[in-house]
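What follows draws every value from the coordinates through simple rules; no lab data is involved. Quick caveat, the model's predicted, so the values are computed rather than measured. A quick note on method: Cβ atoms are made from the backbone with ideal geometry, for glycine too, and the neighbour counts reach across all protein chains shown.
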């Protein structure tokens, strides 16, 4: 028999690639640089700024002897409570105002002996702690006044009429995020001042 004709081999098809060809990419649009958005202050940073502003207002009121400025720092009505440097307690803002009006006839701001700060030195060692809607601040300073010759004050803290009083003191300020009308603004609800030991005196136990 004649040899069987060989079957013609089918031409092999190229295998399909499993990776699809990427379509032609368009030219990337050039990014336009935008100015960076201003960083938002955190709640605590904002509270700190507002509390320190109230405290500065109170210290400035002392330097100027300004009753209106003092009233802006303190909570109004009968909510304010204060331990004054004179050693007495005052139970409302009206009582503190009455005290300041009386002191205008007892003492007058004096320059410090070294010719530096005026009547009230700048606060030092200021420490502020904030916890929710309450905060407290501590600081130290020196208060220097001329006791007027017409003074009739009976105070263990002050020398006699015509003398200069230089009183180192410590202060504590208590703040609450609420005024006497219930508005959520920082006000000073309590102030406490007490004499500080003389410079150079060794602290007990140290």
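Label zone (residue 184, point 7 Å along Cα-to-C-beta; backbone nitrogen cut-off 20 Å) within region 130-153: 130-136. As a proxy for reagent exposure, ranking 102, 90 by other Cβ atoms within 10 Å from fewest up yields 102, 90.
Shape class for region 43-195, computed from the alpha carbon gyration tensor (a ≥ b ≥ c): prolate, with a/c not under 1.5 and a/b above b/c. Across region 43-195, Cα pairs under 8 Å and at least six residues apart give a relative contact order of 24 percent. Per-peptide packing, taken as the mean over residues of other Cβ atoms within 10 Å, places 76-88, 135-147 in the sequence 135-147, 76-88 from highest down. Our estimate of slack between residue 154 and residue 109, defined as 0.36 nm per intervening residue step minus the Cα-Cα distance, is 14.3 nm.
In this simple spin-label model, placing a label point 7 Å from the Cα along the Cα-to-Cβ direction at both residue 52 and residue 97 gives a separation of 3.1 nm. Extension gain, residue 88-residue 204: 0.36 nm per intervening residue step, less the Cα-Cα distance, totals 39.2 nm. Using C-alpha pairs below 8 Å separated by at least 6 residues, the relative contact order for region 126-180 is 41 percent.
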